[in-house]
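Contents: one structure, followed by commentary.
The values are calculated or read from the model by the stated rules, or taken from the named source; none is laboratory data. Note that the structure is a prediction, hence the values are computed from the model and not measured. No Cβ is skipped: glycine too gets one built from the backbone with ideal geometry, and neighbour counts run over all protein chains shown. Keep in mind that these areas ignore ligands, DNA and RNA; they rest on the heavy atoms of the full protein, side chains included. Shrake-Rupley method; radii C 1.70, N 1.55, O 1.52, S 1.80 Å.
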Amino acid sequence: MKISGQILILMSLLFSANVDGAEASPGVKVEHLGVNNTLVRVDSNAPFVMFPVQEAYDDATVNVLVDGKLDRTIYVRLAKSKVDYSVPFDLRPYKGHDVVFNIVTSQDRTNVRDAREDACWVNIVQTDSVDTSNTEKYRPAFHHTPLYGWMNDPNGMFYKDGTWHLYYQWNPYGSKWQNMTWGHSSSKDLVNWQHHPAAIEPNGLGSVFSGSSAIDTENSAGFGKDAVVAMYTSAATSQVQSLAWSHDNGETFEIYPGNPVIANSSEARDPNMFWNAQTKEWTLVLAHALEHEMLIYTSPDMKEWTLQSSFGKGLGAQDGVWECPDLFELTLPGTDTKKWVLLCNINPGGPFGGSGIQYFTGEFDGKTFKSDLDANGKVATKWLDYGKDNYALVSWSDAPENRRTVIGWMNNWQYAAETPTRQYRSSNTLPRDLELFQAADGQYYVASVPSPEVESLKGRKIVSVSSATIGQSGKKYSLPRENDGICEIQMDVDAKSAKTVTITLSNEKGEKADLVYDPAKATLSFDRRESGLTDFSQDFPSVTVVPLYSKGTLKLQIFVDRSSVEIFGDQGKSVMTNLVFPTVPYSTLQISAEGGSCKVKNLAVYTIKAE
């Protein structure tokens with residue numbers, strides 16, 4: 001996946017400033033008012049000011065004063081003893097104005113003299129440009145990531161005029177959660193991404209949490225025909241739902257002055273709205289987070305919403321908060337059978353700890369969702385992904401050809417802030433298309449397969465085996481050396497007499513990730529306990545297990561990036577997404593069988609075309 005962004009080179013400025021305490025950088029004047037309060041004056045004719053970050057410390061409150069008036073407040077983990085990295089603040093909107101940062105730190109000092117020695121004050125610099133070239137060994141080669149900063153939930157996604165728009169929860173001022181903003185990237189093909197400026201930023205109602213976007217083809221909201229309308233959660237002391245609209249295909253948004261359009265007395269967030277062609281009105285699903293339920297609203301104009309029903313009390317997984325809903329209809333391929341699917345992301349309470357994506361299949365009449373029942377007359381708990389690292393998955397609105405195309409946040413709240421990167425933190429899964437299928441138990445389930453566009457990533461075939469009988473001694477195959485071993489692996493596995501079949505990714509340091517197929521149990525497991533760096537969190541070393549819905553030959557499609565392994569079994573019926581951090585790239589694929597021999601057919605390893 002090629003990720004384009006403006007790569008700029010740092011340049012020094014020609015002016016200097018008076019400094020209170022240690023010598024500040026040119027163009028910067030630091031005035032210490034007390035042990036926890038400092039003014040930083042900058043020249044607004046410079047395009048950027050860089051704030052130095054040290055992740056080990058708490059956020060400082062940075063009040064941005066423009067011509068003496070408060071313009072905004074941001075939060076930055078300003079460096080105290082060393083600088084981990086620096087983040088830019090864009091001064092271009094304030095050119096020609098007087099800009100002062102009134103900074104309040106939580107790093108108590110006994111006196112001003114000691115406060116002056118903090119590393120941040122001499123490392124706040126002004127620059128004409130920002131260098132965003134990659135500095136991380138684990139940055140994925142073919143998955144979407146932000147150029148810098150923290151990222152979590154994908155949200156607000158829509159397809160229009162041949163372009164896929166992806167918004168995401170973004171912190172532009174550090175690689176840990178804070179300053180929630182809608183970051184924005186777009187793509188013509190779902191694999192090559194262009195980065196854009198922030199789309200929606202915090203305002204007086206609070207930070208900008210997750211939400212959705214839809215194209216208002218009939219101008220029902222009055223913002224204009226074909227306006228892109230976004231609804232998101234404004235989060236401050238309370239969580240309320242706000243509207244914004246765009247007339248330039250999602251590049252910039254105007255905030256609706258009548259916000260909020262929905263206000264609840266308890267936590268409710270992540271509104272997901274769509275036009276219901278059957279009822280001729282807008283439908284909205286809102287996560288009533290702490291009540292473990294989804295609220296369903298309807299509206300003629302996106303502004304006035306009527307609560308119609310709720311779903312979920314006491315159903316499915318209830319251990320964590322309910323978040324990031326999505327509601328849509330799928331058709332069983334080759335039939336006229338249709339089912340509505342309600343996605344419900346939950347944290348914690350996932351199948352192997354932390355975050356997870358549960359879903360319900362059933363019927364929806366425009367006002368009420370009713371879940372299918374299993375053979376025992378109960379609502380079954382169903383999971384879309386049995387790995388640890390797929391969360392907040394939602395779909396693009398208005399996708400072409402009636403596709404239901406989704407993408408998730410490839411991380412887990414158990415350790416998301418501790419993964420071993422700093423310039424950026426977190427990536428997205430590969431884009432996937434959802435399909436309905438019926439299993440042998442008569443129940444309806446949802447498969448997720450790599451979107452067709454992912455096929456374009458396939459490069460040279462470096463391993464090709466039409467058929468091989470493999471026993472306990474196993475067989476080894478080399479993975480590509482270019483691009484740190486990133487690759488796609490395909491194979492069909494017939495267990496034959498083997499009790500288990502193990503597929504291992506390993507490197508010369510003995511680090512490995514084991515994928516184990518157990519035909520008797522009809523399961524596929526992934527063991528990353530010895531996969532590389534694992535000690536940054538006690539919750540990271542783990543074994544995940546996915547049930548298999550088909551008998552006989554197991555078809556596998558595996559994508560290996562620099563820090564992830566995505567496994568699709570039986571055309572997406574059994575899926576696991578897991579992060580890995582090998583200290584050197586995996587270089588060997590080994591297949592072995594226990595208790596007998598297996599047959600592997602159509603084994604192929606492809607390089608990935610990525611920069």
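Annotations for the structure displayed:
- Residue pairs, from the table 176/458; 388/512; 461/555; 555/609; 512/599; 280/382, whose Cα atoms sit over 28 Å apart: 176/458; 280/382
- Using only side-chain charges placed at the Cβ, +1 for Lys and Arg and -1 for Asp and Glu, the dipole size of the range 226-294 relative to its Cα centre rounds to 140 debye.
- Under Karplus coefficients 6.51, -1.76 and 1.60, residue-wise ³J(HN,Hα) of the range 80-91 in Hz, glycine/proline x: 10, 10, 7, 9, 7, 6, 10, 10, x, 10, 7, 8
- Rounded to whole numbers, the Karplus 3J(HN,Hα) couplings from phi for the range 24-36 are 8, 6, x, x, 10, 10, 10, 10, 8, 8, x, 5, 10 Hz, using 6.51 cos²θ - 1.76 cosθ + 1.60 with θ = phi - 60°, and x at Gly and Pro.
- Taking every DSSP bridge with both residues inside the chain, close to 95 percent are antiparallel.
- Ranked by the mean number of other Cβ atoms within 10 Å per residue, highest first, peptides 315-324, 252-261 order as 315-324, 252-261.
- Long-range HN-HN contacts of residue 279 with modeled amide H, under 5 Å: none
- The chain: relative contact order in percent, alpha carbon pairs under 8 Å with at least 6 residues between: 11 percent
- Calculated mean residue ellipticity, 222 nm, the chain: 0 deg cm²/dmol, from DSSP H runs (n ≥ 4) at -39500 (n - 2.57) each, averaged per residue and rounded to 500.
- In the context of the full set of protein chains, residues of the chain present 39 Å² of accessible surface per residue (probe radius 1.4 Å, heavy atoms only).
- The range 304-344, relative contact order in percent, only Cα pairs under 8 angstrom and at least six apart counted: 32 percent
- Descending by average beta-carbon neighbour count within 10 Å, the peptides 456-465, 518-527 line up as 518-527, 456-465, the highest first.
- Cα centroid of the range 22-101 to Cα centroid of the range 179-209, whole Å: 23 Å
- Derived scalar couplings ³J(HN,Hα) [the range 562-568; Karplus, 6.51 cos²θ - 1.76 cosθ + 1.60; whole Hz; x for Gly, Pro]: 4, 9, 7, 9, 10, 10, 10
- Fraction of alpha-carbon pairs over 41 Å apart in the chain - percent: 29 percent
- Within the straight-line cut-off of under 21 Å between alpha carbons, the lysines reachable from residue 378 are 313, 338, 339, 370, sequence neighbours fewer than 8 places apart in one chain being disregarded.
- The portion of the accessible surface of the chain made up by carbon and sulfur, rounded to a whole percent, is 47 (1.4 Å probe; DNA, RNA and ligands excluded).
- Rg to Rh quotient for the range 209-353, alpha carbon positions, Kirkwood Rh: 0.99
- Between the listed residues 332, 354, 299, the Cα displaced farthest toward the positive end of the dipole of the range 293-365, a dipole computed from Cβ unit charges relative to the Cα centre, is found at 354.
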